[in-house]
1. Report the net charge of residues surrounding ARG48, where surrounding means a beta-carbon distance below 10 angstrom and charges are Lys +1, Arg +1, Asp -1, Glu -1.
2. Provide Rg over Rh for region 28-101; use the alpha carbon set for both Rg and the Kirkwood Rh (inverse mean inverse pair distance).
3. Please turn the phi angles of region 94-102 into ³J(HN,Hα) values with the Karplus equation 6.51 cos²θ - 1.76 cosθ + 1.60 (θ = phi - 60°), one per residue in order, whole Hz, x for glycine and proline.
4. Which one of ASN88, ALA47, CYS72 has its Cα pushed farthest toward the positive end of the charge dipole of region 28-101, where Lys and Arg give +1 and Asp and Glu give -1 at the Cβ?
5. Long-range amide H contacts for ALA47: which residues qualify at under 5 Å (H placed 1.01 Å from N, peptide plane, sequence gap of 5 or more or a different chain)?
Amino acid sequence: MRTLIALAALATSATLFAGSATDAFAQGPAYRLVPVAASTAPNSFVARETLWKCAGDACVATKATSRPEVVCAAAVREVGKVSAFTANGQDFTAEQLEKCNAKAR
């Protein structure tokens with residue numbers, strides 16, 4: 001009986017966790033970048049704690065815990081300079097992009 005209760009609790013926890021993870025991805029990307037050399041961008045990469053997925057000429061990521069400037073700097077270390085970076089629907093200014101690209105590999 002205890003085993004059955006433990007399995008039920010585990011199944012409930014897994015279901016709740018899967019639902020919250022799905023909701024986070026369903027809300028859409030919090031970050032978007034366009035690498036200058038899009039053809040060399042990997043299909044996916046992790047920069048700091050942020051998982052990026054790339055397709056076509058852009059890469060997207062869900063919400064990260066760091067400030068957008070830190071997220072951008074970590075990303076350009078992996079993919080090189082970017083021509084555009086958007087955080088939570090706000091495009092980086094030319095000055096912000098310049099500072100971010102200064103951290104590129």
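Bear in mind that the values in this text are calculations on the coordinates, not laboratory data. Just so you know, these numbers come straight off a predicted model, no measurement behind them. Positions of Cβ are generated from backbone atoms using ideal geometry, with glycine treated the same way; all protein chains shown enter the neighbour counts.
1. Details: positive: ARG77; negative: GLU49, GLU78.
Within the 10 Å Cβ shell, the charges total -1.
2. Working: Rg = 10.6 Å, Rh = 11.7 Å.
Ratio value, two decimals: 0.90.
3. Karplus-based 3J(HN,Hα) across region 94-102 equals 4, 5, 5, 4, 4, 5, 5, 4, 5 Hz.
4. Positive-end residue among those listed: ALA47.
5. Correct list: TRP52.
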